[in-house]
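Notes for the one structure printed next.
A short reminder: the numbers here are calculations on the coordinates, not readings from a lab. These numbers come from a predicted model, not from an experiment. Cβ: placed from backbone, ideal geometry, glycine included. Neighbour counts: every protein chain shown.
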Amino acid sequence: MAGSQQRHDTPDTLEGTLDERTRTELEAATFRRLVQHLDENRDVQNIDLMNLAGFCRNCLSKWYRAAAQDKGIDLDYEAVRERVYGMPYADWKEAYHKEATPEQQAEFKARNPDH
């Protein structure tokens, strides 16, 4: 991502405070809350997310699948997208997707020249 900031290699301030299981549970709960928030705000288009934050629902789906693959688990991409979108992607797209405006497309192209 152009212009993105990387996390610094500083000690984890939670290290020693949380055991690995609790930390994983908190991160999982945070992911579920993010997905719920996106589900409650379906008017927010993926192009808006990409232009403002550099990721979208599809990115979350790809990251989820990649995390599974890192553990030797092969998940179907469409099944993972259904988890993130809360319904089959084709249904979500039909019900909620709006075509990006020329301005949104230009901003996306400027922010993501290699995408």
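With unit charges on the beta carbon (Lys/Arg positive, Asp/Glu negative), name the residue among 97, 64, 45 whose Cα is farthest towards the positive pole of the charge dipole of the stretch 44-108.
Of the listed residues, the answer is 64.
Divide by every residue of the chain the summed helix terms, -39500 (n - 2.57) for each DSSP H run of at least 4, and state the resulting mean residue ellipticity at 222 nm, rounded to the nearest 500 deg cm²/dmol.
Calculated at 222 nm, the ellipticity per residue is -18500 deg cm²/dmol.
If you add up the charges near residue 39, with Lys and Arg at +1 and Asp and Glu at -1, over every other residue whose beta carbon is less than 15 angstrom from its beta carbon, what do you get?
My count for the surroundings of residue 39 gives +3.
Report, in debye and to the nearest 20, how large the dipole of the chain comes out about its Cα centre when Lys and Arg carry +1 and Asp and Glu carry -1 on their Cβ.
Dipole size: approximately 100 debye.
Counting Lys and Arg as +1 and Asp and Glu as -1, what is the net charge of the other residues whose Cβ lies under 15 Å from the Cβ of residue 103?
Once positives and negatives cancel, what remains is 0.
First obtain the Kirkwood hydrodynamic radius of the chain from its Cα pairs, then insert it into the Stokes-Einstein equation at 25 °C and 0.890 mPa s, and state the resulting D in µm² per second as a whole number.
Estimated diffusion coefficient is 151 µm²/s.
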